[in-house]
Amino acid sequence: MPSRQNFFKSFPFASPILLIAFTLSLSFAQVAFAAEGQKASHPSEGLFLIQIVLLVVSGRLLGELMVRIGQPSIMGQIIAGIILGPSLFGLIFPHAQASLFPSNEGQKSMADAVGQLGILFLLLLAGMETDLGLAKRLRKSAAGVSLTGIVIPFAAGFALGELIPDWLLPDPEKRLVTSLFLGTALSISSVKIVASVVREMDFMRRNIGQLIVASAIIDDTVGWVIIAVTFGLAEKGTVDLTTLATSVLGTLAFMAVSFTVGRRIVFEIIRWTNDNFRSDLPVLSAIIAIMGAMAIITNLIGVHTVLGAFVAGILVGESPILTRQIDVQLRALTTALFMPVFFGLTGLQTDLTVLADPSILLLTAAVVIIASIGKFGGAFAAAKLSGYSMSEALALGCGMNARGSTEVIVATIGLSVGVLDEKLFSVIVAMAVITTMAMPPTLRWALARLPLREEERDRLEREQFESESFLVNFERILLTVDGSQSSRLATWLAAFFAVTRKMPVTVLDVREADGTEPAPETAAPQAKASNGRIAADELRQCATDLLTSTASETDMATEGDIHVTVREKNDKLETMLGDMSGTGHDLLFTGVEPSMGDDGRFSDALQEMTSAFKGTSAIVTARGALPDRPHDLRILLPVSGTERSVRAAEFGLAIAKATNAHCALLLIVEPRQARAIPRISDRGSDDFDVFKTVGAIADYYGVEIEKVVQQGPSPELSILRHARSGKYNLIVLGVSKRASGSLSYGSVADTLLQTADRSCIFIETDLANGTIVPG
């Protein structure tokens, strides 16, 4: 990040930004004068477009400036609105500003509508970024920090609202509701600002960074519930037991239904839309509809729509299907349009000239001091009581003292329902700007002084491995079955990954695709498609058994996380697989028989499936008798030191993790290599680097492995010999496609396919899907 001294060198157009903004404003104002003269009695579409473009462009430019000096971009968007509003532009060019942003309701309502949509989209995105898993994991410490940091400034803000003179209130009869809004505005941290600074400092994975973000998540979540209830009271104008009970009970009922039945409904809507629509961005439309429906529900129960949008975002963010793509699409729309317009309009409504009144200036200073000391002191005290060090408590106090978007939205809602006037609104916005701009440098100062503990270093190393894992990027499994033993084994494997990786699974019956035993025409319709449903039922049962046997594992899925969908074959198999690749399926488990063709290579059906599927394919061939239970698997992992074999070993270790299976690592060397390196314990030798690499992966998964070296000129024979002598019943081999007229993965894989008397998994582990290795 460039220093302040080098800022104008690194950002050469920064110095004339304000001049450009004013020039644009004046130019647009001239057009506005003409439009006003032509259509004085009607809202002007041209003026509306000028307003939106000006807010977007000025917000983007000043947002960039803020980012360059280490501040959140929304500060630039708010400041852009302040500059274009009565605080500066209106002070210097009052007629031009009034023409550009007229006060008549018809014209204002056009831009305000975009701003109101901006609130909902901002809360939707905030919900999607909310990591409930992190909040649950640190719930004890984070809840203490958050609740203490809410109660103290809330009480101080409420007391301030009760003490300020009547002439500062828009309606003295609604003092109680105004006090509630002031308490809320002073007490809630902005998780977006907190998370962005912690992420920028590369502290998101540090203990204290996670605690700060988890506390802010709880802060934000509790805050929107408080805001929703307070809004319900504000609309009634008074606080009585009936109104309070209606708002609180309605909010609790909404939250309970949303996080139980609603979670499943949202997932099914997203999955069905993703799998069945072929037009552009259908999931984005579905999410907007979900957000709108939940916002309408909260409006009907008498609380603000922001709560519905926020909860919708949480549920969408927990959906296991296409969450990364959804996040990118929504973030682009929200960041480019809705955020600069909403925060720009907030700045436009802020009149800092009121600070010329000493009493208002004194009130602003009191609000800033109360907000800062209350939030910092509450978080600091909770951290010390929880046993954190002085430096950690300082970091927590600094991190929680950011208001940003949350307080701006609170102030906007209060202004809209008449419990805040322009003076109090401007005071709250000024407080939000000051505390938010103070937070990044103070938090950077505090975080830079935190030492790294030993247990924290170990956890960071484990998380670093996870981020670089071969398996981490897979999102959705496609399981193709035909009712064979290979299908049954493939179903087990899909269940393992559904449980340990929380991946949704789609089951597709391909029995008629390869011409094997089509269901008779006289059979009942449900019998023809029974293989898919049978496999789905077995997958669920296997997953349930695994969950029962691994109940103590905190990183495992729950039964509610196991999502299984059955698809019927209603088109050409090649077409269906290609389409399903485009709907987020990126890992194919295929267990169909026969697996071998007449030429001794993989069958035509497998060639068709692996060619049509655009992700990673795992071909499962069941040989011999399958064990009665998945836990009785014994896994052999042949390795050669290549990246391909290491990735396959990780695949096998993930299976061993799910089943507690015995696992052996087999390194095959030529006789001359074995003579040169007689001992496995010789860890300094390059030939045994693969043992170190895979051993580290095994440590991450918590799997004990047996390390074996065998010599021989024929790897496939060595693999089979050791599999038989060690009674291994599953061989996992990393492969790459060979350039050939039929499906081939090279001589080792082809020989194992032809001669193996035990089950094998051939997993494509190319660095890029679709890579063809010359034969």
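The values are calculated or read from the model by the stated rules, or taken from the named source; none is laboratory data. Treat the numbers as computed from the prediction; the structure is a model and nothing was measured. Cβ sites come from the backbone with ideal geometry, for glycine too, and all protein chains shown count toward neighbours. Side chains are part of the model used for accessible areas, which takes the heavy atoms of the whole protein and leaves out ligands, DNA and RNA. Shrake-Rupley method; radii C 1.70, N 1.55, O 1.52, S 1.80 Å.
Miscellaneous remarks
- Cβ-Cβ FRET estimate between residue 356 and residue 167, R0 fixed at 22 Å, reported to 0.05: 0.85
- Region 38-99 and region 325-380 have Cα centres lying 16 Å from one another.
- Counting lysine pairs in region 53-201 whose alpha carbons fall under 30 angstrom apart, excluding pairs fewer than 8 residues apart on the same chain, gives 4.
- Proximal charge balance of residue 111 [Cβ under 13 Å; K/R count +1, D/E count -1]: -2
- Taking each residue as 0.36 nm, the span from residue 110 to residue 465 lengthens on full extension beyond its C-alpha to C-alpha distance by 122.8 nm.
- Computed from label points 7 Å out along Cα-Cβ, the spacing between residue 366 and residue 438 is 1.7 nm.
- Compared with the alpha-carbon gap, the fully stretched path from residue 545 to residue 568 is longer by 5.6 nm at 0.36 nm per residue.
- Region 60-191: C-alpha gyration tensor shape, a/c 1.5 cut-off, then a/b vs b/c: oblate
- Relative contact order, whole percent, for region 237-390 stands at 18, derived from Cα pairs under 8 Å and 6 or more residues apart.
- A straight chain from residue 422 to residue 537 at 0.36 nm per residue would run longer than the Cα-Cα distance by 35.3 nm.
- Centre separation in Å (Cα based) which lies between region 732-747 and region 121-142: 45 Å
- The P(r) of region 447-515 has a tail past 17 Å containing 61 percent of all C-alpha pairs.
- The distance from the alpha carbon centre of region 581-613 to that of region 381-415 is 54 Å, rounded to a whole number.
- Look at the Cα gyration tensor of region 323-404: its axes a ≥ b ≥ c give a/c of at least 1.5 with a/b at or below b/c, and that counts as oblate.
- These residues, 727, 707, go from largest to smallest accessible area, 1.4 Å probe, as 727, 707.
- Violating pairs (Cα-Cα greater than 28 angstrom) within the set 502/727; 657/727; 572/614; 657/707: 502/727
- Tensor-based shape of region 333-478 (alpha-carbon gyration tensor, a/c under 1.5 rounded, otherwise prolate or oblate): oblate
- Using a Förster distance of 45 Å, the FRET efficiency for residue 454-residue 155 (Cβ separation, nearest 0.05): 0.70
- Residue 755/residue 333 FRET efficiency (R0 51 Å; Cβ-Cβ; nearest 0.05): 0.35
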